[in-house]
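Report on the structure given below.
The values are calculated or read from the model by the stated rules, or taken from the named source; none is laboratory data. In this text, all values refer to a predicted model and were calculated from it rather than measured experimentally. Every residue, glycine as well, gets a Cβ built from its backbone with ideal geometry; the counts of neighbours run over all protein chains shown. Heavy atoms of the whole protein, side chains included, go into the accessibility calculation; ligands, DNA and RNA do not. Shrake-Rupley method; radii C 1.70, N 1.55, O 1.52, S 1.80 Å.
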Amino acid sequence: PAGETQSQHIGDVILLKNITAFKELDVAKTNFIATVSHELKTPISSLMMSLQLLENEKTGTINEAQKQLIESVKEDSGRLLKITGELLNFTQLDTGNIQLSIKPSDPQKILDYALEAVKTQAEQKELKITVQASPQLPAVKADAEKTAWVIVNLLTNAIRYSPEKSEIKVGINKTENADLKFSIQDFGNGIEEKYLNKIFDRYFQVPGSHKSGTGLGLAISKDFIEAQGGKIWVESSYGSGSTFYFTLNV
Ligand code: ADP
């Protein structure tokens with residue numbers, strides 16, 4: 001409009017925007033999720049306890065149909081408890097409130113604990129879980145509880161996406177970089193390549209996959225492993241299964 005024919009650099013414009021209000025909203029949201037999930041945990045746990053009492057013969061006899069109903073309420077309550085637990089973990093990570101207790105831990109013990117936790121789930125699908133571990137594994141610098149949580153989460157996914165009567169291979173091996181590599185391999189459908197770099201994102205679920213989860217499990221696992229100085233990744237060939245790996249320092 002001023003008659004120039006050629007573009008000419010006459011200066012830069014710097015725009016500053018105060019995002020405090022957005023940050024405050026974000027914190028409020030995280031606190032809200034933390035409060036809600038924390039408040040939900042207690043009644044769900046007490047529901048689970050009442051269900052256990054109901055199943056006890058001393059409370060009175062129940063017929064087969066009632067037993068099945070109780071079983072399904074129990075499954076749903078278990079799922080709710082898992083979701084609220086994940087949300088709580090996530091809010092603690094988000095606010096930096098996570099307390100890691102890192103000390104020399106026995107990798108075999110951590111794995112055994114996780115395997116025990118998923119035993120019934122695996123049996124229900126008649127899955128065979130095989131373990132291959134290098135002999136005389138050194139201790140790892142880890143928070144045993146958080147690491148077990150990660151393994152349980154990876155195993156639960158493997159079980160969920162495995163066809164019945166298939167195999168899940170678990171491994172713990174030494175690497176050249178003075179760390180231990182854990183692996184969990186399933187022979188399910190695998191993950192399409194275009195989603196591989198997204199599955200560790202918060203709330204991400206592969207379109208069309210199992211909807212009952214939160215899409216938080218792998219994101220939390222990544223945070224837990226990285227907070228312990230390790231790495232986590234996945235290799236998958238679509239159609240023939242996935243292997244999740246993570247490392248921990250010796
Ligand atoms: P959730 O299991 O709660 O949906 P996750 O963060 O654990 O959330 O997993 C994210 C997504 O990654 C899942 O929804 C699923 O689509 C995909 N996924 C995870 N593990 C496997 C696996 N072993 N085989 C196939 N897909 C998987």
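Centre-to-centre, using Cα atoms only, the range 2-23 and the range 207-250 are separated by 42 Å.
Just by accessible area at a 1.4 angstrom probe, what is the order of ILE33, ILE220 from largest to smallest?
Numbers: ILE33 35, ILE220 0 Å².
Reading off the accessible areas and sorting them downward yields ILE33, ILE220.
Taking a temperature of 20 °C and a viscosity of 1.002 mPa s, what whole-number D in µm²/s does Stokes-Einstein yield for the range 96-240 with Rh from Kirkwood over alpha carbon pairs? Answer, rounded: 134 µm²/s.
Per the Debye formula on identical point scatterers at the alpha carbon atoms of the range 38-170, with no solvent, log10 I(q)/I(0) at q = 0.22 Å⁻¹ is -1.31. Within the chain, the longest run free of GluC sites (Glu not before Pro) that sit in a DSSP loop with at most 11 other Cβ atoms within 10 Å is 5-125.
Taking every eigenvalue of the Cα gyration tensor of the range 113-169, multiplying by 5 and rooting it, what semi-axes result, largest first, whole Å?
Numbers: eigenvalues 103, 37, 15 Å².
Listed largest to smallest, the semi-axes of the range 113-169 are 23, 14, 9 Å.
The calculated 222 nm mean residue ellipticity attributable to helices in the chain amounts to -16000 deg cm²/dmol, summing -39500 (n - 2.57) over DSSP H runs of n ≥ 4 and dividing by all residues. GNM on the chain, alpha-carbon springs under 10 angstrom: the most fluctuating residue among THR130, THR30, THR59 is THR59. Computed with a 1.4 Å probe on the full set of protein chains, the accessible area for VAL152 sits at about 40 Å². Reported to the nearest whole Å, the Cα centre-to-centre distance from the range 29-79 to the range 85-161 is 24.
Surface exposure of the chain, expressed per residue as accessible area with a 1.4 Å probe, stands at 63 Å².
Just checking the listed ones, SER162, SER50, SER237: in the Gaussian network model of the chain with Cα springs under 10 Å, the one fluctuating most is SER50. Counting only lysines at least 8 places from LYS194 when in the same chain, those with an alpha carbon closer than 26 Å to its own are LYS169, LYS181, LYS211, LYS222, LYS231. Long hydrophobic helices in the chain, taken as whole DSSP H segments with a C-alpha length of 18 Å or more on their own axis and mean Kyte-Doolittle hydropathy at least -0.5: 20-55, 64-94, 144-160.
Each other residue within a Cβ distance under 12 Å of ILE129 adds +1 if Lys or Arg and -1 if Asp or Glu, for a net charge of -2. Here the gap between THR95 and VAL73, fully extended at 0.36 nm per residue and compared with their Cα-Cα distance, gives a gain of 4.6 nm.
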